[in-house]
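Note sheet for the following structure.
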Amino acid sequence: MNHSPTQKRRTSQETREAVLVAARRLFFTKGFDQTTLMDLGEETGLSARGVILHFETKADIIATLYIRDYTTRKAPMVERPQGSTHAQRILDFYFWMAREDAANFIAFPALWSVSAKWSPAVEAEMNAALRRMREPVRQELSRGMAAGEFRGVDIQHADEMIWQSYQHGLRAVSVNGGTPAMAVPQVFKTLEALSA
């Protein structure tokens, strides 16, 4: 990338941000698999190698976009009338999640297919973002266990079972067609299994 004397050189953070902006646009218009490192380089004034200097893999780029999305979500637990169950509140969370996932759902198959290729640092960051976002579910599981609504199982394990059921539902919907909300019945089945 040639800089004119009056052109300000980008910082590393600014370059990373430029790659993320270009990637979001290209992944959602051209498709993840069809977008090359050269495409990203052309969009940002870098070489393909220049892109790799900022992200280890293309998989890390899409993961970083998802981490950013998950981190900025403010997970609500919908206030329900007295007498509603903790399971209903957890379902509310997953319906909220499905609405939030709708914008990114087109790229879900790409995320699923490349998750095994994330670098260890990105994998750890993704897991931390998901744990923070799912904290309301763990709180409802804890309250539900205390109230006798759920069997006394490990909360972390129960949360992971529910999350995996949602992810499994998303995979099925991405193959068979539909919207992320159609994955929530998988969560309902898992909650039934956890019920006392």
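Quick look at the numbers
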| read-out | value |
| --- | --- |
| Residue that is out of contact with any helix residue (DSSP H, G or I) (no Cβ under 9 Å at 6 or more places or on another chain) and closer than 23 Å to residue 73 by Cα, where the choices are 160, 123, 140 | 160 |
| Residue ID - most open to solvent (accessible area, probe 1.4 Å), chosen from residues in region 13-49 that are touching a Leu at 6+ places or on another chain (Cβ under 9 Å), more than 17 Å from residue 113 (Cβ to Cβ) and not hydrophobic (A, V, I, L, M, F, W, C) | 49 |
| Top-ranked residue in region 157-196 [being farther than 18 Å from residue 70 by Cα and charged (D, E, K, R); ranked as most open to solvent (accessible area, probe 1.4 Å)] | 189 |
| Residue identified as under 27 Å from residue 63 (Cα atoms), at pLDDT below 95 and loosely packed, with under 15 Cβ neighbours inside 10 Å among 124, 146 | 124 |
| Filtered residues of region 143-158 (kept if within 26 Å of the chain's Cα centre (by Cα) and either aromatic (Phe, Trp, Tyr) or farther than 12 Å from residue 89 by Cβ (or both)) | 153, 154, 155, 156, 157, 158 |
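Matching residues to (1) more than 19 Å from residue 123 (Cβ to Cβ); (2) under 21 Å from the mean Cα position of the chain (by Cα); (3) assigned to a helix (DSSP H, G or I); (4) not aliphatic (A, V, I, L, M):
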| site | (1), (2), (3), (4) |
| --- | --- |
| 20 | no, yes, yes, no |
| 24 | yes, yes, yes, yes |
| 32 | no, yes, no, yes |
| 42 | yes, no, yes, yes |
| 46 | yes, no, no, no |
| 49 | yes, no, yes, yes |
| 52 | no, no, yes, no |
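The values are calculated or read from the model by the stated rules, or taken from the named source; none is laboratory data. The structure displayed is predicted, hence computed values, not measured ones. Here Cβ is always computed from backbone atoms with ideal geometry, including for glycine, and neighbour counts include all displayed protein chains. What goes into the accessible areas is simple: the full protein's heavy atoms, side chains included, and nothing from ligands, DNA or RNA. Shrake-Rupley method; radii C 1.70, N 1.55, O 1.52, S 1.80 Å.
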